[in-house]
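Heads up, the thing below is written out as structure tokens.
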């Protein structure tokens, strides 16, 4: 039982660290983890913009990286220095984060994990591609006073 | 040194641009896809090109092939979130001279460019 | 020659010395022989001279007889008649003496050589008698007489000459010759006397006689001259002393007279007398010479004899001395050489503890000294070598050996690649273990990896290697694209395909501007994966345990279903609480989680669902671990996972339960009465389980005289409270059997729960055990110890205040943490639960007698049982 715990820990850490690393490496501001919780798919609430990474292979599931517009605005401001980015910029930014996280995770998970190219969407989609029998862990990550979710649903 | 930035994400293009602000290099253009990139290469013959791999239309590797045909002296640095080794090696095979994984910050870029341009050889 | 060189020293000495000694011996032998010959020679000469002297005596007398005979014949018998007779007697006596001497045995060997001479002489002497007879008859003339006698004398003198003229001594030989010359001169003098006698007797001298006389005188003078020349001083002195004086002068005067042949007026007797005197003088000289020769030869003989023995003695002494010296020197030399050899052997065997001691100052002594110096030098250089060796050893031990040990023992595979991608001969031992092959050295790396990895990775690897060896390509850039940084390899061993997860890293090794080698390190990361597999198996086993749970379910499925439903709801409430919590008080959240889980654990114990109680215990453990440190958001992920895991377990059990649900479908369940019966049953079970575990015999009494039925929603909480109290009584209240006996109590303890409804809106539950009650002082002391109350505050508390302390959070007298006792939760939990139902409670006790808790819970309406469900109670 501890195996899967170790694996669970490793997988979660991979995504969390990847996100943390993204913030720390590019903004030099550390992010913090809030108390996570478990949700059923019907009760899941996402933030303004979300990048979705699909996972297939030995374990199937998904990882969402979701945050409010303000956070993306802050990032763009730090990276590029513009104050009022367009919606397109925000989507671009959200996609970029998911891209990088997915790419990094892919390098570390090994051959048994297939990771899809992230899809970025705004708001809550009408239907989430979530398998019904998985526990969904919502991990709130606080960066620069913004809360982002790393949502992990893995078989 | 004249640089062309090729990335489908405008945010990424701007991030690279901004991060290289303090680096001694002149950015002569940016391109969101392979076709646009090739046009600029043909027209302006940049010394250095940063190239994303996953792009709509003509992807980075195909674009690299074309670049090497029209301007083989160009020093191409791949900047990608895609961590597939074979793809990266193929890029080297095709003539790329540098490689960076996203996310990249100013230091990463500066170091990578130093290596690419053989600056600060005593590192 | 080589044979000589190869001889041992002892033999070499012999080779040198033995010929030398032989030469010396030979020389000495010749010396001795020479002396021995000299001795014999001189001895013989001495004897022959003796014989010669006798012959000379005879000759001397014959000479006289001849002269007398001639005088006699010449005078026709008138004169010398008397003299002749006398002279013949004298001659005969000398002849006799000669014959006597001849018989001397000493002469035997001497005469062997001269037999012929002696025989001739004897024949000549035999003729004397015939001559005398004819003289007596006067039938011989003087010339005949002279001739006959002279012939005899010549033979005699020749014999003497032969006898004595045989010596190796030069001086003696010279004197012998001198004597012979002298004898010849004397003979001439004697003949002169005879001729003179004849002439003076006849008073005439014919020409023949005269010529004889003159030649005779001349011969005589020349012999005398020869004698004088070769004779030694003594002989000459003797001659000059004796042959002088009147008579000699008279002979010279008369000779001159005869020479003139004019005057013969001299008496022949006078002549005879004078010449005889002279001849006698000559005879004396002759005797003197003879005797001196005898003395000389005797001296020579004795001298030679002495020398002979001296040589022998000296030889012996020299020989002995030479042998002695030689043996000393050789022994010394050889012993020194032996010593040297012994030390050389000792040194050669590496024993330098001692030095050669050779006190002699010869070459060997010097050599020994040199040898010692040499040995010293050897020891010195030996020490240097030893130091160097130690240094080398040190280097070996500390660098090479360490390096080799590292290579032998390092868990990583390490090797080098050359330009042709050939793998180095030297590689770490782990390579063989990781790859399961021995054929590594010299292999082409791509070929080596080909059977181990998938074609896509191999293609990437070949590309990668090409870039890695390309000096123009940046190493970091290339290494970013290492396709086998983490790779799964498949290797076949004895028909079994094994899978391994390895990590391979490459480092360029530069020589000047060229890449000389690539260092490759390989680590085996399979273990983690294997562990995972192992744990997956453990999970499977756990599932089997879940199956076992089914057997428990058979006994009381509805009870478990109720528990599972409740537990799932409770677990969900935890996550809900997390989601809604925005205070960020992690400590409080953790405490909440802990209490909730602890409660669930208690319930699991009560219904005997060990597998769930264990699971919750594990969750509790992991929470307890966090309690002591600063809690972070991420830590909740672990808890959450554990909770989710427990939740999954509940789901698993629920599905199991569903499978057996059919069995129970006939029996409606979930009614109040059923729940109540199950409650009592579960409490009984709790007491039973705990009493077994703690080895205390405790009876459980549930009194419900009013047949009260607890409402369903209150059953779980009520049970939680009672379980906590039962635990406390079992652990702290009820004493061990031995103590109870001592105190005069029933050996079996008892726990009683009494339900009453004194008012419509009030349920009164009385919990009582017959244990030792509360120890006020201990509680106070403990409370201060664990920090529930301060020293100062405690002093102000009355008894009730102190009793209240046991309900405080963090107070627990449990020393041991297990699933039956509290974690400092016990009474605090009771309090929280009672208050959660808006109830009140009252504690009382009597030391050594009992502990009692009266709980008052508000209820609504009648709690009487509903008869229609009665019959399900026993299901």
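Only one of C:318, C:289, C:378, C:328 is in a helix (DSSP H, G or I) and modelled with pLDDT under 80. Can you tell me which?
Answer to the selection: C:318.
Scan segment C:450-460 for residues that are free of Cβ contacts under 8 Å to residues at least 40 places away in the same chain and more than 9 Å from every other protein chain (Cβ to nearest Cβ) and jot them down.
Result: C:450, C:452, C:453, C:455, C:458.
Residues are listed down the side, and each one gets a yes or a no for (1) more than 9 Å from every other protein chain (Cβ to nearest Cβ); (2) on the phi > 0 side of the Ramachandran plot:
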residue: C:608; (1), (2): yes, yes
residue: C:613; (1), (2): yes, no
residue: C:617; (1), (2): yes, no
residue: C:624; (1), (2): yes, no
residue: C:628; (1), (2): yes, no
residue: C:637; (1), (2): no, no
residue: C:644; (1), (2): no, no
residue: C:648; (1), (2): no, no
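Using beta carbons and a limit of 9 Å, which pairs, at least six apart or on different chains, have the first residue in segment C:34-56 and at pLDDT below 85 and the second one crowded, with 21+ Cβ neighbours inside 10 Å and not in a helix (DSSP H, G or I)?
Partner pairs satisfying both residue conditions: C:41/C:167; C:42/C:167; C:44/C:167; C:45/C:167.
List every residue pair whose Cβ atoms lie under 8 Å apart, where the two residues are 6 or more positions apart in sequence or sit on different chains, the first residue falls within segment C:112-134 and is at pLDDT 85 or above, and the second residue, located anywhere, is surrounded by 18 or more Cβ atoms within 10 Å (Cβ to Cβ) and not in a helix (DSSP H, G or I).
The qualifying pairs are C:131/C:140; C:134/C:140.
Quick check, is residue A:39 more than 14 Å from chain C (Cβ to nearest Cβ), in contact (Cβ under 8 Å) with a residue 60 or more places away in the chain and in contact with a strand residue (DSSP E or B) (Cβ under 6 Å, 6 or more places away or on another chain)?
no
In this structure, is residue C:482 without any contact (Cβ under 8 Å) to a residue 40 or more places away in the chain, at the interface with chain B (Cβ under 10 Å from one of its Cβ atoms) and farther than 26 Å from residue C:429 by Cβ?
no
Condition (residue is modelled with pLDDT under 85 and either part of a helix (DSSP H, G or I) or farther than 29 Å from residue C:714 by Cβ (or both)) applied to segment C:747-767: is it met by at least one residue?
yes
Is at least one residue of segment C:714-722 closer than 28 Å to residue C:753 by Cβ, in a helix (DSSP H, G or I) and at pLDDT below 75?
Checked segment C:714-722: no residue is closer than 28 Å to residue C:753 by Cβ, in a helix (DSSP H, G or I) and at pLDDT below 75.
Kindly check whether there is at least one residue in segment C:536-558 that is assigned to a helix (DSSP H, G or I), at pLDDT 85 or above and within 14 Å of chain A (Cβ to nearest Cβ).
Checked segment C:536-558: no residue is assigned to a helix (DSSP H, G or I), at pLDDT 85 or above and within 14 Å of chain A (Cβ to nearest Cβ).
Take the conditions touching a residue at least 60 places away in the same chain (Cβ under 8 Å), loosely packed, with under 15 Cβ neighbours inside 10 Å, more than 9 Å from every other protein chain (Cβ to nearest Cβ) and in contact with a strand residue (DSSP E or B) (Cβ under 8 Å, 6 or more places away or on another chain) and apply them to residue A:31. Does it pass?
Criteria not met by residue A:31.
Can residue C:471 be described as within 14 Å of chain B (Cβ to nearest Cβ), over 30 Å from residue C:356 (Cα atoms) and not in a helix (DSSP H, G or I)?
When the stated conditions are applied, residue C:471 passes them.
Could you figure out which of (1) within 14 Å of chain B (Cβ to nearest Cβ); (2) outside any loop (DSSP other than H, G, I, E, B) isn't true of residue C:515?
Checking residue C:515 against (1) within 14 Å of chain B (Cβ to nearest Cβ); (2) outside any loop (DSSP other than H, G, I, E, B), the one that fails is (1).
Given the conditions (1) under 23 Å from residue C:840 (Cα atoms); (2) buried (at least 17 other Cβ atoms within 10 Å of the Cβ); (3) free of Cβ contacts under 8 Å to residues at least 12 places away in the same chain, which single one is not true for residue C:759?
Single failed check for residue C:759: (2).
Considering segment C:351-365 alone, what residues qualify as being touching a helix residue (DSSP H, G or I) at 6+ places or on another chain (Cβ under 9 Å) and in a helix (DSSP H, G or I)?
Of everything in segment C:351-365, those that are touching a helix residue (DSSP H, G or I) at 6+ places or on another chain (Cβ under 9 Å) and in a helix (DSSP H, G or I) turn out to be C:364, C:365.
Regarding residue A:56, is this residue in a strand (DSSP E or B), away from every other protein chain (no Cβ under 11 Å) and surrounded by fewer than 19 Cβ atoms within 10 Å (Cβ to Cβ)?
Considered against the rule, which asks whether it is in a strand (DSSP E or B), away from every other protein chain (no Cβ under 11 Å) and surrounded by fewer than 19 Cβ atoms within 10 Å (Cβ to Cβ), residue A:56 comes out as yes.
Criterion first (modelled with pLDDT under 85 and in contact with a helix residue (DSSP H, G or I) (Cβ under 6 Å, 6 or more places away or on another chain)) does residue C:411 satisfy it?
yes
Of the residues C:520, C:497, C:529, C:504, which is more than 47 Å from the chain's Cα centre (by Cα) and modelled with pLDDT of 90 or more?
C:504
Check C:368, C:344, C:392 and return the single one that is part of a helix (DSSP H, G or I), surrounded by 12 or more Cβ atoms within 10 Å (Cβ to Cβ) and touching a helix residue (DSSP H, G or I) at 6+ places or on another chain (Cβ under 7 Å).
After applying the criteria, what remains is C:368.
I'm trying to understand the selection: among the residues of segment C:444-468, which are assigned to a loop (DSSP other than H, G, I, E, B) and surrounded by fewer than 17 Cβ atoms within 10 Å (Cβ to Cβ)?
Within segment C:444-468, C:450, C:451, C:454 meet the criteria.
The values are calculated or read from the model by the stated rules, or taken from the named source; none is laboratory data. These numbers were taken from a predicted model, which means no experiment stands behind them. Neighbour counts are summed over all protein chains in view; Cβ atoms, including those assigned to glycine, are modelled from backbone coordinates with ideal geometry.
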